[in-house]
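Here the structure is laid out as structure tokens; the discussion comes afterwards.
The values are calculated or read from the model by the stated rules, or taken from the named source; none is laboratory data. Since we're looking at a predicted model, the values are computed, not measured. Note that each Cβ is placed from the backbone with ideal geometry, even for glycine, and that neighbours are counted across all protein chains shown. We work out accessible area using only protein heavy atoms, side chains counted, and drop any ligands, DNA or RNA first. Shrake-Rupley method; radii C 1.70, N 1.55, O 1.52, S 1.80 Å.
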Amino acid sequence: MIPYARQDLNQSDIDAVNKVLLSDFLTQGEVVPAFENAVGAYCGGRHAVAVNSATSALHISCLALGLGKGDVLWTTPITFVASANCALYCGAKVDFVDIDPQTYNMSVSSLEEKLLEARKNNRLPKIVVAVHFSGQPCDMESISRLSKEFGFKIIEDASHAIGARYKNVPIGSNKYSDICVFSFHPVKIITSGEGGMIVTNDEDIAKKLRLLRSHGISSNKSEMHPHPINERWNYEQIYLGFNYRMTDILAALGLSQLSRLDQFVSRRQVLAKRYDQLLVDVPVTLPHQLKETYSSYHLYPIRLNLHSISKSQQEVYDGLYQEGIAVNIHYIPVYLQPYYLKLGFVRGCCPEAEKYFSECISIPMFSRLTDVQQDKVIAAIRKILR
Ligand SMILES: *Cc1c(COP(=O)(O)O)cnc(C)c1O
């Protein structure tokens, strides 16, 4: 089977991990800060905080921005559930903004409309999570402008988008946001097995994130209450934190992978261009790219022009599996998940997202995909849509 995504590991990755395994510190050693510094330097963000997943990253990012009971977070429905669940972890409510039918990212005009409505009802969101779907950055300049007008914070869920650029600036520079989150799950652009990273330019937020990822405990004297006796073994729990730490074993893998990030993204760009050319005459809509964005192409989603083909989405999906291609659907709109329906969400709340969901299929896209494998994928699509 050709999967839709796969990690790209080599001997230097394995050597880097082995080195940590034979060292004194498997966790809380020097490799995690080295990985943090390298990611910060790569994307131009001042502070980087490594955690054990992007899900954990989103959770403590919301906490660090003060999200709690009575607050609302908005995001896109065409994302992984974690982009929305983070609000619920904090006791806040979540709501969804429909997508742009061209980029499948959050629609800025829908966002603006919804904000105007929310202002009337005094229900403005505290946080908007902008997801760079498939690796193509959102219209951050416009979202940032709206954040100033309506007073919300911005978290970029860049789980798909490490290595991507917006207006020639790497995602993670946080030029237009408060916090940016990356995922290092093996299906993403680079991997640490499991893992996540939070990047911010705000020192206070970074400090709070470091505490929250490790039980809310500090042994830094400047963060502790003044003590009559200055015991050297003293530490204090300041917040209710978690154990969301990344291990040095995983950081070593992430750091080694980071050195090949640009290579991985270039290969994905080449593969995307090949799909663009070789599928141009097939009755599908190919992913539209804006001039100001450089996608990291975590996904290559095609949209079936169902009115001009004789098969259903399910039949095309099954057909591709029968041809040995393990395609995927990204995503079921989050609010259609049974858990969310029970919270009161209803079908029809984001029509563009639902239309997209009924037509989309993510075809294989990963740096190790060979031209020969890609040709097999293209031939299978042609055969099934003929
Ligand atoms: C993968 C993903 C996450 C969660 O990442 P983990 O590291 O697996 O927790 C969150 N948001 C989006 C958009 C994702 O694709």
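For the reader, a short list of remarks on this structure follows.
- Tally, over the stretch 35-53, of residues that are touching a residue at least 24 places away in the same chain (Cβ under 8 Å) and either open to solvent by less than 10 Å² (accessible area, probe 1.4 Å) or farther than 17 Å from Ser214 by Cα (or both): 13
- Residues located in the stretch 211-246, provided they are at pLDDT 95 or above and open to solvent by 90 Å² or more (accessible area, probe 1.4 Å): Leu240
- Matching entry among Pro137, Pro186 (being modelled with pLDDT of 95 or more and closer than 19 Å to Gln257 by Cβ): Pro186
- You will find that of Ile378, Ile329, the residue that is over 25 Å from the mean Cα position of the chain (by Cα) and among the β-branched types (Val, Ile, Thr) is Ile378 and no other.
- Checklist (1) over 21 Å from Ser110 (Cα atoms); (2) assigned to a strand (DSSP E or B) applied to His185, failing item: (2)
- Any hit, the stretch 187-205, residues being of a type in the set (A, V, I, L, M, F, W, C), away from the ligand (no atom under 16 Å from the Cβ) and either open to solvent by 10 Å² or more (accessible area, probe 1.4 Å) or touching a Phe, Trp or Tyr at 6+ places or on another chain (Cβ under 8 Å) (or both): yes
- Condition met for Lys208 (closer than 30 Å to Pro301 by Cβ and either polar (S, T, N, Q) or more than 16 Å from the ligand (Cβ to nearest atom) (or both)): no
- Single unsatisfied condition, Ile155 versus (1) open to solvent by less than 10 Å² (accessible area, probe 1.4 Å); (2) touching a Phe, Trp or Tyr at 6+ places or on another chain (Cβ under 7 Å): (2)
- Residue count for the stretch 343-377 under the criterion of being of a type in the set (A, V, I, L, M, F, W, C), farther than 20 Å from Phe133 by Cβ and open to solvent by 10 Å² or more (accessible area, probe 1.4 Å): the result is 3.
- Elements of the type helices (runs of 4 or more DSSP H) sitting completely within the stretch 54-160 and holding at least 2 residues that are closer than 22 Å to Ser192 by Cβ and either in contact with a Leu (Cβ under 8 Å, 6 or more places away or on another chain) or within 16 Å of the ligand (Cβ to nearest atom) (or both): these cover 54-64, 82-89.
- Boolean, Gly324 is closer than 24 Å to Arg6 by Cα, surrounded by fewer than 14 Cβ atoms within 10 Å (Cβ to Cβ), in contact (Cβ under 8 Å) with a residue 40 or more places away in the chain and more than 21 Å from the chain's Cα centre (by Cα): yes
- Hits in the stretch 1-25 (condition: in contact with a strand residue (DSSP E or B) (Cβ under 8 Å, 6 or more places away or on another chain) and open to solvent by 30 Å² or more (accessible area, probe 1.4 Å)): Met1, Pro3, Tyr4
This table checks each residue for (1) farther than 26 Å from Pro3 by Cα; (2) of a type in the set (Ser, Thr, Tyr).
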site	(1), (2)
Val129	yes, no
Met140	yes, no
Ile143	yes, no
Ala164	no, no
Val169	yes, no
Ser177	yes, yes
Cys180	yes, no
Ile189	no, no
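- Filter result for Thr103 (polar (S, T, N, Q), within 23 Å of Asn168 (Cβ to Cβ) and over 15 Å from the mean Cα position of the chain (by Cα)): yes
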